[in-house]
Amino acid sequence: MEDAMCGPLAHITPRRGVVGQGMDVFSRTFFPAAAEAGIATQTASRHMPVFRRCVGSGDAPVLVTRCSRPNRSTAGDYLLLLTHRRLVVTRQTRVLHRLRLHLNTELRELSNVTWGPDPRLHCLELAATAIDGVRERFVIRTRHPKQVWQLDALLNHAFRTRVRTARERLVATIGDSGPAPVRPAAFRPATVR
């Protein structure tokens, strides 16, 4: 079995895999998510340093998939990473195979996020406006129509249930004179006599 971008796939045995116990959450979950999407280990390993610089160690991938941009077939191959907090897209040029960071943004900084599943064409188009005002569009292709609906449900969960307004994200303000929190009985200081 070969990956179109990187040659033959590496064989990973169950006992000695890529994932180790000493790794952080992102490292432990990125490779299995990429493998589930059918992305070769070499391709995932190649994109990993770029994703690593953008995503926190405690942020687990929700989706790792290949994607393309409509009307830009010659631009290169794109790899999309969606976590609970960020959307990161990398691009690999076709001729020199150089990796470039295309998009790196927090989900809360995206506006007008839309997606349209098309089970007839086995694809879903994701569009969002970045904080700089640029409208980004990506097409994600799947193998069967059922996967289109699974992807639709995943994006619905990621964007509709997780993105909150600025007021809902507010935890506290400086100089907030609100009531002091009450400690549970287990954490109250004990009196020693």
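When the residues of the range 126-135 are narrowed to those that are surrounded by fewer than 18 Cβ atoms within 10 Å (Cβ to Cβ) and in contact (Cβ under 8 Å) with a residue 24 or more places away in the chain, which ends up nearest to Thr65 (Cα to Cα)? Break it down stepwise before answering.
The first filter runs over the range 126-135 and keeps only residues surrounded by fewer than 18 Cβ atoms within 10 Å (Cβ to Cβ), leaving 127, 129-135.
Adding the requirement that they be in contact (Cβ under 8 Å) with a residue 24 or more places away in the chain leaves 130-131.
Values: Ala130: 20, Ile131: 23 Å.
Among residues in the range 126-135 that are surrounded by fewer than 18 Cβ atoms within 10 Å (Cβ to Cβ) and in contact (Cβ under 8 Å) with a residue 24 or more places away in the chain, the one nearest to Thr65 (Cα to Cα) is Ala130.
In this structure, does Leu151 turn out to be part of a strand (DSSP E or B), touching a strand residue (DSSP E or B) at 6+ places or on another chain (Cβ under 7 Å), of a type outside the set (Ser, Thr, Tyr) and touching a residue at least 24 places away in the same chain (Cβ under 8 Å)?
Details: part of a strand (DSSP E or B): no; touching a strand residue (DSSP E or B) at 6+ places or on another chain (Cβ under 7 Å): yes; of a type outside the set (Ser, Thr, Tyr): yes; touching a residue at least 24 places away in the same chain (Cβ under 8 Å): yes.
So Leu151 fails the test.
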Any hit, the range 60-75, residues being under 23 Å from Leu155 (Cβ atoms), under 18 Å from the mean Cα position of the chain (by Cα), modelled with pLDDT under 90 and surrounded by 15 or more Cβ atoms within 10 Å (Cβ to Cβ):
no
Pairs needed: first member in the range 32-45, touching a residue at least 24 places away in the same chain (Cβ under 8 Å); second member anywhere, outside any helix (DSSP H, G or I) and not hydrophobic (A, V, I, L, M, F, W, C); C-beta distance under 7 Å; at least 6 residues apart or different chains.
Ala33/Pro61; Ala37/Thr65; Ile39/Arg66; Ala40/Asp3; Gln42/Asp3; Gln42/Gly7; Thr43/Asp3
Can you find, within the range 87-119, the residue that is farthest from Cys67 (Cα to Cα) among those that are surrounded by 13 or more Cβ atoms within 10 Å (Cβ to Cβ) and touching a residue at least 60 places away in the same chain (Cβ under 8 Å)?
Arg108
Members of the range 31-58 that are acidic (Asp, Glu) and closer than 25 Å to Arg135 by Cβ:
none
Just to check your reading of the model, which residue among Arg94, Arg164, Arg193, Arg183 is more than 17 Å from the chain's Cα centre (by Cα), at pLDDT below 85, closer than 24 Å to Val62 by Cα and not in a strand (DSSP E or B)?
Arg164
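Do we find that Arg143 is surrounded by fewer than 10 Cβ atoms within 10 Å (Cβ to Cβ), modelled with pLDDT under 95 and farther than 30 Å from Ser45 by Cβ in this structure? Write out each step before concluding.
Values: surrounded by fewer than 10 Cβ atoms within 10 Å (Cβ to Cβ): yes; modelled with pLDDT under 95: yes; farther than 30 Å from Ser45 by Cβ: no.
It is false that Arg143 is surrounded by fewer than 10 Cβ atoms within 10 Å (Cβ to Cβ), modelled with pLDDT under 95 and farther than 30 Å from Ser45 by Cβ.
The values are calculated or read from the model by the stated rules, or taken from the named source; none is laboratory data. Treat the numbers as computed from the prediction; the structure is a model and nothing was measured. No Cβ is skipped: glycine too gets one built from the backbone with ideal geometry, and neighbour counts run over all protein chains shown.
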